[in-house]
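Heads up, the thing below is written out as structure tokens.
The values are calculated or read from the model by the stated rules, or taken from the named source; none is laboratory data. In this text the structure is predicted, and so the values were computed from the model without any measurement. Note that we place each Cβ from the backbone using ideal geometry, even for glycine, and neighbour counts take in every protein chain shown.
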Amino acid sequence: MPLTYPIAEQTLDNGLRVVVSSDRAVPIVAVNLWYDVGSRHEPAGLTGFAHLFEHLMFQGSRNVASGQHFSLLETAGASLNASTFFDRTNYFESLPSGGLDLALWLEADRMGYLLDAVNQENLDNQRDVVKEEKRQSYDNRPYGDSYERLVKLAFPEGHPYAHMTIGSMADLDAASVEDVHAFFRAYYGPNNAVLTIVGDVSEEDAFDAAKRYFGHLPAIPQPPEAPDGTIGPLTEVLRDDVVSDVPSDLITMMFRLPVDGTPELDAAGLALDILAAGQSGRLNRRLVRDEQIAQSVSGGALPLIGGVSFGTLTGIASDGIDLQKVEDALVEEIEKLAEGGITEDELATVQAQAERDWLEQLATCAGRADEISHHALLFGDPNRINTRIDQVRAITVEQVQAAAAKWIRAGGRVQVSYRRTETGEEQA
Amino acid sequence: MNQVLTTPPAVGAPRPWAFPAAVSTTTSVGTPVHVFDRPGQYVATVRVTIAMPLIAEPRELEGVATIMSRTLDEGTELRSANDFAAALERHGAAYGVDVSSDALHVEISVPVSHLAPAVQLLAEAITRPAFTKADVGRHVTIRLGEINQERANAGYRAREAFAGNLFDPATRRSRPTAGTPDTIRPLSNVQVAEFYRDNIGPGRAQILFAGDASGVDVAGIIDEAFGSWTSAAGPAVETPEPLYIPGNRVVLVDRPGSVQSQLLIGCAGPDRRDPAWGAAAVANHVVGGTITSRVDTVLREEKGYTYGTRTSFAAPRKGGTFSLGGAVRTEVTGAAISDALRILREARNGLTEQEVQEAKDSLIRTAPLRYEQADSVAQQVGSNIANGVPIDFADTYLTQIAATTADEATEAYRRYVGTDGLLVVVVGEAKDVRPQLTTLGSDVLGKLIELG
């Protein structure tokens, strides 16, 4: 049974796609913009640029002083942020519905006139902040560089998913104000974005407000396409074995998976869930509960739009257990899954979990707005939020089996392992 | 086409809002049940909050409450750990436990369409756990591994050192909630079952439901599952007031290889019994509660020392804390601490009318966002119960905030922050940080304590 969230959409003359989902049950409204620019669009030498804008977009624009974006919205009662991913960048706020005009005005001012405020001073400052973000999120925590290492192995050099969103600090250091301006001009404009408004506003008022604040912004030239990342399953095993001062030995395996928006990707995701999701997944039962060779296991699919996705499986070895044992058990379970024997009950369990996850994601205006932007921008159809559960429920055991056999194989994986140094063990 | 607007459009008045109301009943054995009907929330949360003060743990077995809580679902009188997980997850439910200094929370999130069987399983875990030797032993091992992970985590190390140096050793909160290796290792299923028997029962519990209740007899489903719960557990003991260690001092925790210093700076703070709890939240918002606050305006936006810091007043049932936390680049650790202490101390001189008004607007107007999702209602009410305040305390808190003047916000802040000194915890590369602390000097920092 499809869900029944209302969806209305219009495209403005300048190409801005506006989607509205009215919900008068709550006194708040969520505004969410997805720009069709992520790390996959970054050419060599400009890695980390999409993410850098996630910072610069809060430093003011033509009619907004530095810091004012946050202060105006916070005073209006907003929760706000932005995020950058491989496929896109998004900017969002939720606030009491009387603040809708303010939110749209602020978003439009930075979409149209950000560059008035991007200068050497705030570029330097935000570059420093990004470096601290990288230190905090990647460098100063155990295993923090694992994804950087894995995508480098899983995809050929220059592939759109071979580098992380945080990018290279060398590229950021080399960036001039002109480079930054040029990147903005290429990607940030009404015809390269989706604006979603969800919550306490009528469809008519929401479209009127969108036109009022965004209608005058000029379209930008068609932005360059991201390079095509279409690529098949891995056909070999590549390893990156790290010895460092980690608290426990850990292994993460990565697989290429089918592109997002296909039943094949949904099936592959469910296959990984059968192995790694929840307490009842096969890996938790065997490695953690029965054999007790792992402290914990985790994993799942990361859906991507650019020709290929990826998925991971991670195990942290129990103290005193050789990591090789964990790797061997993972390999065995991967091959067992590929060879058959998935039960209807296992599939129904991971489908039920996917359904709860999805309903929780849509439980807030902000979450719903994010998924509407997502499905409008990447698949051209925001109505998919209402049929998503049915799509996942329609996947059969045979489809999961076929996806596992093709994409999730011991002989087609990359992996990073971390083992403790001798001194690390003495210190522990 | 319209004229481009060069000034921000006006913000309309927010619609009135109050914390969601509950329909309260009791189970057949007298356990209070609070049902929050939240239309459109198709995933419900059922949360069981049980008074379980950690001071009930024997000193040499600290962590027994945590291991007990984590093994409730690891096998029941009716089914094995694997079978229990399979049954629960087959209904699309997620299960979790949380242990705080005053209470145990056990909860499930589940699509409302599967509510009844999932609540039965929740009750089975809480009222009929098996505590087999093997399952408890496994969780002791997992907890020991987790301690290794915690020790590698700069943020965790900072919190541990902060608690250990802010609270007197006689106060339970000076030590980790989930125990240390020497108190975890001796635990077996015997002590776990004993702790359960003495502390978990219907007389200590309250049961919360938040979700779309239309057409569902929620109270009936809960009574069906929990209505025959019996237990020998007596009433919870009263936790004593915490004892704080006053004075300026700096604790340096060596974490070789660190590329940033994790900071945690703070002191004692109010708890919810204090009528100035709301005023303190307003002051906090101004000083360090957001990216536009006084601290981050300097540390992040002017100087680029950090990805971001935050301050907070936090409190369990009795005795709160104030703290400023964040990570800064190793080379600027001394400078960042100096700036942070200066800003924290200068705020004692007064917060402006405008700052306070903006903070009040933000805190009051964000309330409907904070409680939009069913689970956040259940979480808030569960923590109100644990903290010993009425279930609609969110309304009291908002009323306190609305009534706060700039003078009252300043006064609430000044009563705590910097009055009895500030504890500074630094987790980082000691050989690089030590000289920077020495340069700042003991006039600013107080005495230096080094931890390995």
query: Only one residue in B:Asp223, B:Asp217, B:Asp254, B:Asp198 is under 20 Å from B:Ala163 (Cα atoms) and surrounded by fewer than 22 Cβ atoms within 10 Å (Cβ to Cβ), so which one is that?
result: B:Asp254
message: Going residue by residue through segment B:162-175, is there one that turns out to be surrounded by fewer than 21 Cβ atoms within 10 Å (Cβ to Cβ), among the aliphatic types (A, V, I, L, M) and part of a loop (DSSP other than H, G, I, E, B)?
response: yes
- prompt: Are there any pairs, at least 6 apart or on different chains, whose C-beta atoms fall under 8 Å, with the first in segment A:180-196 and outside the structural domain of A:Val31 (by TED's automatic domain parsing) and in contact (Cβ under 8 Å) with a residue 24 or more places away in the chain and the second surrounded by fewer than 19 Cβ atoms within 10 Å (Cβ to Cβ) and of a type outside the set (Ser, Thr, Tyr), and if so, which?
  reply: none
So B:Glu358, is it part of a helix (DSSP H, G or I), surrounded by fewer than 23 Cβ atoms within 10 Å (Cβ to Cβ) and within 8 Å of chain A (Cβ to nearest Cβ): yes
message: Condition first: farther than 24 Å from A:Ala369 by Cβ, more than 16 Å from the chain's Cα centre (by Cα) and of a type outside the set (Phe, Trp, Tyr). Can you find one or more residues in segment A:67-81 that meet it?
response: yes
message: Take the residues in segment B:300-333 that are touching a residue at least 40 places away in the same chain (Cβ under 8 Å), within 14 Å of another protein chain (Cβ to nearest Cβ) and assigned to a strand (DSSP E or B); name whichever of them is nearest to A:Phe58 (Cα to Cα).
response: B:Thr309
message: Just the residues that are within 10 Å of another protein chain (Cβ to nearest Cβ), part of a helix (DSSP H, G or I) and either without any contact (Cβ under 8 Å) to a residue 12 or more places away in the chain or of a type outside the set (Gly, Ala, Ser) (or both), please, taken from segment A:134-148.
response: A:Lys134, A:Arg135, A:Gln136, A:Tyr138, A:Asp139
- request: Test A:Asp381 against the criterion of being part of a loop (DSSP other than H, G, I, E, B) and surrounded by fewer than 22 Cβ atoms within 10 Å (Cβ to Cβ), and give yes or no.
  value: yes
message: Show the residue pairs meeting these rules: Cβ distance below 6 Å; 6+ apart or different chains; first residue within segment A:235-248 and aliphatic (A, V, I, L, M); second residue in a strand (DSSP E or B) and modelled with pLDDT of 95 or more.
response: A:Val237/A:Arg413; A:Leu238/A:Val414; A:Val242/A:Tyr418; A:Val243/A:Arg419; A:Val246/A:Tyr418
- line: Here the residues within segment B:115-137 that are surrounded by fewer than 20 Cβ atoms within 10 Å (Cβ to Cβ) and within 11 Å of chain A (Cβ to nearest Cβ) are B:Ala134, B:Gly137
- prompt: Applying the selection to segment A:222-276, what residues are among the small types (Gly, Ala, Ser) and farther than 13 Å from A:Val392 by Cβ?
  reply: A:Ala226, A:Gly229, A:Gly232, A:Ser244, A:Ser248, A:Ala276
query: If you check B:Ala412, B:Ala378, B:Ala394, which single one turns out to be touching an Asp or Glu at 6+ places or on another chain (Cβ under 9 Å) and either within 30 Å of B:Gln354 (Cα to Cα) or not assigned by TED's automatic domain parsing to the domain that holds B:Ala340 (or both)?
result: B:Ala412
query: Can you name the number of the only condition in (1) within 14 Å of another protein chain (Cβ to nearest Cβ); (2) surrounded by fewer than 21 Cβ atoms within 10 Å (Cβ to Cβ); (3) within 22 Å of the chain's Cα centre (by Cα) that B:Thr297 fails?
result: (3)
query: Got a sec? Which strands (runs of 3 or more DSSP E) wholly within segment A:175-262 have at least 1 residues that are on the phi > 0 side of the Ramachandran plot?
result: A:193-199
field: Counted residues, segment B:95-113 - those being in a helix (DSSP H, G or I) and either in contact with a strand residue (DSSP E or B) (Cβ under 9 Å, 6 or more places away or on another chain) or crowded, with 21+ Cβ neighbours inside 10 Å (or both)
entry: 1
- request: Could you grab me the full set of residues in segment B:282-295 that are out of contact with any helix residue (DSSP H, G or I) (no Cβ under 7 Å at 6 or more places or on another chain) and free of Cβ contacts under 8 Å to residues at least 60 places away in the same chain?
  value: none
query: Quick one: how many residues across segment A:117-126 are surrounded by 18 or more Cβ atoms within 10 Å (Cβ to Cβ), more than 8 Å from chain B (Cβ to nearest Cβ) and assigned to a helix (DSSP H, G or I)?
result: 3
message: Return the residues of segment A:66-97 that are in a loop (DSSP other than H, G, I, E, B), closer than 28 Å to A:Glu42 by Cα and at pLDDT 95 or above; say none if nothing qualifies.
response: A:Phe85, A:Phe86, A:Asp87, A:Arg88
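For (1) over 22 Å from B:Leu398 (Cβ atoms); (2) free of Cβ contacts under 8 Å to residues at least 12 places away in the same chain; (3) in the same structural domain as A:Ile305 (by TED's automatic domain parsing); (4) of a type outside the set (Asp, Glu), each residue gets a yes or a no:
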residue	(1), (2), (3), (4)
A:Tyr35	yes, no, no, yes
A:Met57	yes, no, no, yes
A:Val64	yes, no, no, yes
A:Gln68	yes, yes, no, yes
A:Ser71	no, yes, no, yes
A:Ala108	yes, no, no, yes
